[in-house]
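Written out below as structure tokens is the structure these notes cover.
The values are calculated or read from the model by the stated rules, or taken from the named source; none is laboratory data. These numbers come from a predicted model, not from an experiment. Cβ sites come from the backbone with ideal geometry, for glycine too, and all protein chains shown count toward neighbours. Only protein heavy atoms, including side chains, enter the accessible area calculation; ligands, DNA and RNA are left aside. Shrake-Rupley method; radii C 1.70, N 1.55, O 1.52, S 1.80 Å.
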Amino acid sequence: MIDRSVPRRVLPAPEPRGAATVPAALPVRPRIGRLLVLATVFICAACGLVYELELLALGTYLIGDSVTQASVVLSVMVFAMGVGSLLAKRFRHRPAFGFGAIEAGLALLGGLSAMALYASFAWLGESRPALVAFSFAIGVLIGAEIPLLMVLIQRIRRQDAGGAVADLFAADYVGALVGGLAFPFLLLPMLGQLTGAMVTGTVNVIVGGGLVLWLFRRDLSRRCRWLLIAANVTVLAVLASATVLADDFERTARRAVYGAEVRVAVQTGVQELVLTGPSTGSPRSLDLYLDGRLRVSGYDEYRYHEALVHPAMTGPHARVLVLGGGDGLAAREVLRYRDVSSVTVVELDPGVVRLARTDPMLSALNSRVYEDPRLAVVTQDAFRWLRGPAADDRFDVIVSDLPDPGITPSTKLYSQEFYGLAARALRPGGRIAVHAGPLATRPRAYWTVDSTLRAAGLRTAPYSAGGRLTGFAAGPDRTPLGETGAPPQDWGFVLASRDQDPPLRVDRDTPALRSLSTRSLKDAARDAERTRVPGLPPSTLPHPRYS
């Protein structure tokens, strides 16, 4: 029988012994120690986000389609962070050593990730496997940080789990904010992608290693201490050597991508510009690459620009607007008409305009159009410019000389909203000529441009023109595109008008053309019509249809 007259004393269950329950022997007061741990969380979070943004930026640059690359990097990295959190359990009894080892590995992988991706693209012709591998590996290491830091901060001073998590995540999120802002506004413009990643890795290993080797040094055995010292010194030496060799590496890799005659390589705030070919001689030997894609081939660029510009010049053409086309080549064709009174070029990247003005070969190719007093340049996003008051001055002709619609950053410039703004800027009877991407290889994207123009209230006349195979700088066999013997790829265009069906012809008073005639335009229109994909919905800002 149980005697209930005397209340029993309920004793708390004993806490399991572990690393988190043993107070750390620190060289500073506990409050200072906590602040140092939170400061380390802040800096490591900033470094981690820089690695993530490096992978996103370089993946978009090397592979294209920023939406796909962002989805791949973010999803793989978030999944890997979960894996890393689980793996961190193996280090919970030696959290200081585990955290130090993880930070050394993270600094090495993150610091060299940009160089490894670029090397994979330059010499193997494919960087997507490397992108996925680095995203996973870096994500695993980032995911293992917080559990170990949780153990370390609890060893300094025990507090409730909710409060500790709140402190750690507050420092982590603020650090991520600083890293996210530092990458585009500080690291990328000042150091570039390769050196910026290595400098970030250097900061990462110094801060992470310093915290463990100084603040928690008494938690480390002699063997573990020397292992971490050797690992951190090795990582610092590797990153320092890579930083010193970064310029030589970049030149060598660029030659592997673009060929031996890389004459100009400039990283603007918008994109990378590369000019290849000799500095003297015929401009036909010049090639201009924007973010790794062949944008202008001096060999046959005239086919593209004649087909883009001259059908739109049939009719009144006193005032002409060129959207994009900072290389000056579309403006060159427009200014061949003596009765053109003004040309406005709206180009996002001032670096392209600067190169077109100053480079002797490119300025020879564009006939030095920037010296013509009839031409004015606006360095602004075309969408934003069309929404502003300057577009209220109506134009007889609008030439949309923009990248392919499949390139994600340009998708909004092929939207129904964009074409509605362009139509508003046309004078009665005016025409708009649009570069709509390759017709033979991407007919669905091409005919989506046509349906989008129609949805904006414009009447269209589709056509195409043949030219050199274009695309990325080089294929897996390292042969520059266009020299592989592959058949030429066509360029697709759409001529549109608001008031009437646009006439697809060239007038008798058109300047002498090398590749275009009314007959060839009619044939090109018939060929284009055979590829029509009916019933495609228009592309809009909230629902882009290009892939």
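Could you work out, for the stretch 113-194, what percent of all Cα-Cα pairs fall into each 10 Å distance bin, beginning at 0 Å and stopping at the bin that holds the largest distance?
15, 30, 31, 18, 7, 1
For the chain, what does the helix formula give at 222 nm: sum of -39500 (n - 2.57) over DSSP H segments with n ≥ 4, over the residue count, nearest 500 deg cm²/dmol? Write down the numbers at each step before the final one.
Numbers: 16 runs with 262 residues, N = 547.
That comes out to -16000 deg cm²/dmol.
Using only Cα positions of the stretch 62-108, each an equal point scatterer, no hydration layer, compute I(q)/I(0) via Debye at q = 0.21, 0.31 Å⁻¹ and quote the log10 values to two decimals.
Taken in order of the listed q values, log10 I(q)/I(0) reads -0.79, -1.06.
Any chance you could check the Cα centroid distance between the stretch 176-245 and the stretch 344-407 for me, in angstrom?
43
Dipole of the stretch 80-213, Cα-centred, from +1 at each Lys and Arg C-beta and -1 at each Asp and Glu C-beta, to the nearest 20 debye?
Numbers: 8 positive and 6 negative charges, 92 e Å.
Magnitude of the dipole: close to 440 debye.
Excluding P438 itself, calculate the net charge of residues whose Cβ lies under 10 Å from the Cβ of P438, where each Lys or Arg counts +1 and each Asp or Glu counts -1. Write out the running numbers ahead of the final one.
Numbers: positive: R442; negative: D404, D490.
My count for the surroundings of P438 gives -1.
Hey, what did the chain get for relative contact order, percent, Cα under 8 Å, at least 6 apart?
Values: 991 pairs, mean separation 72.4, N = 547.
About 13 percent, as a whole number.
Place +1 on the Cβ of every Lys and Arg and -1 on the Cβ of every Asp and Glu in the stretch 301-432, take the dipole about the Cα centre, and give the residue among L386, Y414, G315 whose Cα lies farthest towards its positive end.
G315
Going 7 Å from the Cα of R222 along its beta-carbon direction, which residues of the stretch 74-116 have the amide nitrogen within less than 20 Å of the resulting point?
97
Taking R0 as 35 Å, what FRET efficiency do you get between Y173 and V244 from their Cβ-Cβ distance, rounded to the nearest 0.05?
Numbers: r = 35 Å, r/R0 = 0.99.
About 0.50, to the nearest 0.05.
For the pair T441/Q500, report the inter-label distance in nm, with labels modelled 7 Å from Cα in the Cβ direction.
So the label points at T441 and Q500 sit 3.8 nm apart.
Which order do F169, F383 take by accessible area at a 1.4 Å probe, largest first? Write down the numbers at each step before the final one.
Values: F169 70, F383 25 Å².
Largest accessible area first, the residues go F169, F383.
With each label point set 7 Å from Cα along the Cα-Cβ vector, what nm distance links R394 and D509?
2.1
Under a Cβ-only charge scheme (Lys and Arg +1, Asp and Glu -1), can you give me the dipole magnitude of the chain about the Cα centre, in debye to the nearest 20? Intermediate values should be presented prior to the final figure.
Working: 59 positive and 48 negative charges, 387 e Å.
For the chain, the charge dipole is close to 1860 debye.
Any idea what the relative contact order of the stretch 293-399 is, in percent, if you count C-alpha pairs under 8 Å spaced at least 6 apart?
Details: 156 pairs, mean separation 35.6, N = 107.
33 percent.
Roughly how big is the stretch 20-112's charge dipole about its Cα centre, with Cβ charges of +1 (Lys, Arg) and -1 (Asp, Glu), in debye to the nearest 20? Can you show the working numbers first?
Values: 7 positive and 4 negative charges, 152 e Å.
Once rounded to the nearest 20, the dipole reads 720 debye.
Give me the percent relative contact order of the stretch 302-358, please, defined on Cα pairs under 8 angstrom at least 6 residues apart.
Values: 67 pairs, mean separation 21.3, N = 57.
Here the relative contact order equals 37 percent.
What's the extension gain from E371 to A133 if we count 0.36 nm per residue and subtract their Cα-Cα distance?
On the way: separation 238, 0.36 × 238 = 85.68 nm, distance 4.97 nm.
That works out to 80.7 nm of additional length.
For V165 and A455 in one chain, what is 0.36 nm times their gap in residues minus the Cα-Cα distance, to one decimal in nm?
Working: separation 290, 0.36 × 290 = 104.40 nm, distance 5.23 nm.
Using 0.36 nm per residue and subtracting the Cα-Cα distance, I get 99.2 nm.
Set the Förster distance to 60 Å, then compute FRET efficiency between V378 and R31 from the Cβ-Cβ distance, nearest 0.05. Walk me through the numbers on the way to the answer.
Values: r = 57 Å, r/R0 = 0.94.
Once rounded, the FRET efficiency stands at 0.60.
Hey, can you rank 229-236, 204-211 by average C-beta count inside 10 Å, highest first?
Working: 229-236: 17.2, 204-211: 22.4.
Order by mean packing, descending: 204-211, 229-236.
If you take Cα extents along the principal axes in Å from the coordinates, which of (i) 72, 58, 37; (ii) 112, 62, 40; (iii) 72, 49, 42 do you get?
Read-out taken from this structure: (ii).
Please work out how much length the chain gains when fully extended from L74 to Q267, using 0.36 nm per residue of separation minus the C-alpha to C-alpha distance, in nm with one decimal. Could the numbers behind the result be given before it?
Working: separation 193, 0.36 × 193 = 69.48 nm, distance 2.53 nm.
So the chain would gain 67.0 nm between L74 and Q267.
Using the Cβ atoms and a cut-off under 13 Å, what net charge is assigned to the surroundings of D509, where Lys and Arg are +1 and Asp and Glu are -1?
Numbers: positive: R336, R338, R505, R508; negative: D339, D507.
Its environment carries a net charge of +2.
Along the positive direction of the dipole of the chain (beta-carbon charges: Lys, Arg +1; Asp, Glu -1; about the Cα centre), which of T540, V235, A461 reaches farthest?
V235
Which value, in Å² and to the nearest 10, is the accessible area of L536 when all protein chains are kept and the probe is 1.4 Å?
20
Taking the Cα centre of the chain as the origin and placing charges on Cβ (Lys, Arg +1; Asp, Glu -1), which of M115, S363, A88 is farthest toward the positive end of the dipole?
Value computed over the given set: A88.
Based on the mean of other Cβ atoms within 10 Å per residue, sort peptides 63-74, 330-341 so the most packed one is first.
Values: 63-74: 17.7, 330-341: 19.7.
So the peptides 63-74, 330-341, ranked by packing, come out 330-341, 63-74.
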